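Before any comments, here is the structure.
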Amino acid sequence: MKRWGCPTRWCRVGKFHLPTRLGGKSWARYALPTLRGLIVQAIILCCTLAPAKAVLGASNPSTSATATIDHVQRQSAGKAIGKPDRDARGTQEQPLVVKTIEAEKTDKRLQQDRDASKEAAEGEKKALFWTIIVAIATSATVAVGLGQIYMFWKQLRLMAGNVADAKAIAIAAKKSADAAEHGVRLGREEFNASHRPWVKCDIALAIADSVGHASAVRFDQSGMYLTLKFTMKNIGTAPALNVWPEWKIVLSRKTRDFFIDAQRKICDETKTRGNGKYAHGLSIFPSETAEIVITTSVALSEIEAELANDFMSAGQSIKTITANALGCIDYRSAIDLSHHQTGFSYYVCATQADGGKMRLGGPLLPVQSDPIPMSDLFLSANVLDGHLFFAD
């Protein structure tokens, strides 16, 4: 006979060990002896556990059941030397799966659980306390931030108001400064107008004594020559510096705009001349008068471009031009050295031509080789536009 197979694996239940699987090849022939042993063990177990069940049933059923199962297993393990009659695995005595039942807690364990619960409760209280503190601190921080935002907003409004006030004050100050500057400018202009030189000029035809010609106008193969005398008087209250006539002969029968542009060009170029020690011109003190005779010329090519045949009568014609003495008297004030000018424009006219054989009318000048007598010449103011006679 083969012996009862030994358990190969064990499972702990409480402080006991129970077999989960039995070894061996075939143990069916041992079923009857094993069954008899099990019956005897069950009777003994019932007789043994009956009083204990009454005493321990109310305390902890799980502990009693665990002890009972452990006892049965040990009895079975001790007497299972004979041949078992049947396979008891999977029955209540030898279950395939054993459920563990928690043992009854002792007083020490219960005290530990109570202490742990108390510590957990105290920890929760502390966490709740500090959570409340953090919430309060966060709320205070948020409140302070909102207060700062409100203060910043108020400050911005105050600054905006101050900026608006400052802008209004600046505008008022600028207006006041502009008004003051305008007043100063008016005062300066009034002072300069009352304390500055004013130069007036009388212009007349003249004979150049140094040349020895008997007329103010003469023609030759080079062109035309015109001599004028400028009588300049300072009627202002300050000396006039660098007084000098700037003019030229303009040959044209065009409209007044042409003469205005030509005069502006001459006078503007005069303002750009040097004002240093090499500046030319006369100095005229208040109430004093100065005279100067100047001869200027115009080229023959310009004369030929402006020649015209004027018919005086049937079968009679003569070549004429329209000559205009155009320019200004330029001078500077001794107070502020600013430029001032007096403009003029005069036609050079002749009453007759060809030795008195032809009478002329209008601003015409005959082109002839013989000198034109001074008695036949005169100057006629170009009054087409008042801009040609000005004083600044």
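The values are calculated or read from the model by the stated rules, or taken from the named source; none is laboratory data. Note that this is a predicted model, so its numbers are computed, not measured. No Cβ is skipped: glycine too gets one built from the backbone with ideal geometry, and neighbour counts run over all protein chains shown.
Taking every residue in segment 367-383 that is assigned by TED's automatic domain parsing to the domain that holds residue 223 and pairing it with any residue that is of a type in the set (S, T, N, Q) and in a strand (DSSP E or B), at least 6 positions away or on another chain, the pairs with Cβ-Cβ distances below 7 Å are 367/320; 376/352; 382/324; 382/345. The criterion of at least 3 residues that are assigned by TED's automatic domain parsing to the domain that holds residue 204 and at pLDDT 90 or above is met, among strands (runs of 3 or more DSSP E) falling completely within segment 242-361, by 282-284, 289-299, 323-333, 339-350.
In segment 228-236 there is at least one residue that is modelled with pLDDT of 85 or more, in a loop (DSSP other than H, G, I, E, B) and either touching a Lys or Arg at 6+ places or on another chain (Cβ under 7 Å) or crowded, with 16+ Cβ neighbours inside 10 Å (or both).
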